[in-house]
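Let me begin by presenting the structure, written as structure tokens, before commenting on it.
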Amino acid sequence: MRGRSESNFLLSNHGGIAVMFGLLMGVLMLCVSLAVDTARLQYVQQRTQQALEAASLAAAKSLDDPAMTTADVQALAETYFRQNLGNDPLHGARLTNFRAVPDTSTGTVQASVNIDLPTLFARAGGAIAAFNTTPSVSANYRTLRIEVSLVLDVTGSMAGPSADGTPKIDSLRRVVQEFIDGLYANGPPPGFVRVALVPYSGWR
């Protein structure tokens, strides 16, 4: 009699579905918690990436200024980085070890920062306590250097009238002046625009 009872107990499947449902619910809850925390991480990474890009580009632009030291460029980059993030709490993420590495030979600035984001739900299942990542971006900005040589006709024929009746030499002066003013219109740094004027008065 006892043997039959033990056999029936071992063969019974009553409650099996409940056990399987409980196990599957545990796995499902873990997946959902990981999805929520992963979405939080993606948002933090996106906002941080945008701020790093703005910071590195602003710093790269400043490399053309001879008065800017390496420390000045790095401080400018961090200022832009913090300002672009503003008061965004970033889901409680901690940003540490901001770095900006300028390279004056290539006009490039590389910026990076460490992200430490504690998880909200994944830690409950003992899976992941925090996400740790270090995004990095690089920006290059170089002002175009312009060198122009103008060969100007100053022969006697330039004393004659142009189409509007003014002397050709006066029209030449006006056009050349407007051209040079256009080159310097945006205030390029010293030495970035060079203009050579070569007068031509005839062949020898």
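Within the stretch 91-127, restricting attention to residues that are of a type in the set (Lys, Arg) and surrounded by 13 or more Cβ atoms within 10 Å (Cβ to Cβ), which residue is modelled with the highest pLDDT?
Going residue by residue through the stretch 91-127, those that are of a type in the set (Lys, Arg) are 94, 99, 123.
Filter once more, keeping what is surrounded by 13 or more Cβ atoms within 10 Å (Cβ to Cβ): 99, 123.
On the way: ARG99: 97, ARG123: 71.
Here the answer is ARG99.
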For the stretch 86-204, which strands (runs of 3 or more DSSP E) that fit wholly inside it have 3 or more residues that are of a type in the set (Val, Ile, Thr) and farther than 30 Å from ARG40 by Cβ?
146-153, 193-200
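For the stretch 48-73, name all the residues that are buried (at least 20 other Cβ atoms within 10 Å of the Cβ) and more than 17 Å from ASN140 (Cβ to Cβ).
Initially, the stretch 48-73 is screened for residues buried (at least 20 other Cβ atoms within 10 Å of the Cβ), giving 48, 51-52, 55-56, 58-60, 63, 73.
Listed by number, the residues that qualify are THR48, ALA51.
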Do any residues in the stretch 80-100 that are without any contact (Cβ under 8 Å) to a residue 40 or more places away in the chain and over 17 Å from SER112 (Cα atoms) have Cβ atoms under 6 Å from those of residues that are open to solvent by less than 100 Å² (accessible area, probe 1.4 Å) and aromatic (Phe, Trp, Tyr), where the two are at least six apart or on different chains, and which pairs are they?
none
Among the numbered criteria (1) out of contact with any Leu (no Cβ under 9 Å at 6 or more places or on another chain); (2) at pLDDT 90 or above, which single criterion is violated by ASN132?
(1)
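The values are calculated or read from the model by the stated rules, or taken from the named source; none is laboratory data. Values in this document were obtained by computation on a predicted structure and should not be read as measured data. Cβ coordinates were reconstructed from backbone atoms using ideal geometry, including for glycine residues, and neighbour counts include every protein chain displayed. Side chains included, ligands, DNA and RNA excluded: accessible areas come from the protein's heavy atoms. Shrake-Rupley method; radii C 1.70, N 1.55, O 1.52, S 1.80 Å.
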